[in-house]
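**Q** Dropping the structure in here first, questions after.
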Amino acid sequence: MNSVYEKVELCYKQIRTKIDFVPKVAIVLGSGLGALAEVIKVVDSIDYAQIQGFPVSTVDGHKGRFVFGYIEQTPVVIMQGRVHFYEGYAISDVVLPIRVMKKLGAEILFLTNSAGGLNTMYRPGDFMMITDQIASFMPSPLQGANVDEWGSRFPSMEHLYDTQLCDCIRQSARDCNVPLREGVYVQMRGPQYESTAEVRMCQAIGGDAVGMSTAIEAIAGRHMGMRVCGLSCISNMACGISKTPLNHMEVTEVGEKMAPLFRLLVYKAISKMTADMIEKTEPVVKPVMAQPVRQSVIIDDM
């Protein structure tokens, strides 16, 4: 039996013995962005440390727990704090939470992070919707024996970031008057910040923002059939662009400063996403009134 599969099943079963909540949307919160979990209608929560075999974050700004609740009528699970590859975990452990949330019932994966700006038009505090990614500098979370129950051996990464979900984020930003950038996210290994030469390389290959998470999580989610979307908070400009030295405290502070606007955008986007899903899966059928014989009845195609 595949040891990665067994570990996911073990963690899933432990959560299920304590919590029977079934989420529709899984949300991963990045550095300084954890406050979203404080404003939803909370039903239950569980610390990662209570789950045998579950990876626990060691990074400041990552609380380390699952929060279950509702955004309006939408059942969600929020990952308040993630683990990173640079913390020394196996790549399969880094994406284990994504696989567990899918097992719990989540269909949509909404990834967030604090990122460094590569695009010189960006400024700290900007929000960037992720439209594509570069994960080539990371080990693949799909390496090793494939679990056919989860997905195919060679999944396509075309349109990894779901176009309909991106439209929902775009529309929600307009509705909330929140300026929104769109661009390509590059994941690097960390924990060191990128050198000036590495920043130039990331710019040259098409990156707009850079960070140490997210891309491998998106791959794992896509592999299991989840619809993926992502949002970066530009917390700093990357090395060589910024005039000041980079530090993690700055990253967390910018995230916390932008948290109210971030909460608003994510809240509205998820409400719109799930409303659109319901609209598509449960079409309204218009009642047909009795008509005289031989008269054509035309029913609008919804």
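Readers should treat all values here as calculations from the given coordinates under stated rules, not as data from a laboratory. For clarity, every value in this text was computed on a predicted model and none was experimentally measured. Cβ sites come from the backbone with ideal geometry, for glycine too, and all protein chains shown count toward neighbours.
**Q** Calculate how many DSSP beta bridges within the chain are antiparallel, expressed in % of all such bridges and rounded to the nearest 5.
**A** DSSP beta bridges in the chain are roughly 40 percent antiparallel.
**Q** In addition: If the reach is capped at under 16 angstrom between alpha carbons, list the aspartates and glutamates near Lys103, excluding any in the same chain fewer than eight residues apart.
**A** Those aspartates and glutamates meeting the cut-off are Glu6, Glu9, Asp20, Asp93, Asp148, Glu149, Glu217.
**Q** Is the C-alpha gyration tensor of the stretch 1-119 telling us rounded, prolate or oblate? Criteria: a/c under 1.5 is rounded; beyond that, a/b larger than b/c is prolate, otherwise oblate.
**A** Here the stretch 1-119 falls in the oblate category.
**Q** What is the stretch 96-224 by shape, rounded, prolate or oblate, if you read a ≥ b ≥ c off the alpha carbon gyration tensor as root eigenvalues and call it rounded for a/c under 1.5, prolate for a/b larger than b/c, and oblate otherwise?
**A** Note, shape of the stretch 96-224 comes out oblate.
**Q** Follow-up. Of Ala220, Ser271, Gly64, which is farthest along the charge dipole of the chain in the positive direction, counting Lys and Arg as +1 and Asp and Glu as -1 at C-beta?
**A** Checked the options; the winner is Ser271.
**Q** Something else about it: Are there any chymotrypsin sites (Phe, Trp or Tyr not before Pro) in the stretch 137-228 that are in a DSSP loop and have at most 14 other Cβ atoms within 10 Å? List them by number.
**A** Loop-located and lightly packed - Phe137.
**Q** Taking the Cα centre of the chain as the origin, how large is its charge dipole in debye, to the nearest 20, when only Lys and Arg (+1) and Asp and Glu (-1) carry charge on their Cβ atoms?
**A** Dipole of the chain, to the nearest 20 debye: 240 debye.
**Q** Packing-wise, with mean Cβ within 10 Å as the measure, how do 252-261, 123-132 rank, highest first?
**A** Per-residue Cβ counts within 10 Å, averaged per peptide and sorted highest first, yield 123-132, 252-261.
**Q** Of all trypsin sites (Lys or Arg not before Pro) in the stretch 189-225, which ones are in loop regions per DSSP and have a Cβ with at most 14 other Cβ atoms within 10 Å?
**A** Those that pass, being in a loop and sparsely packed, are Arg189.
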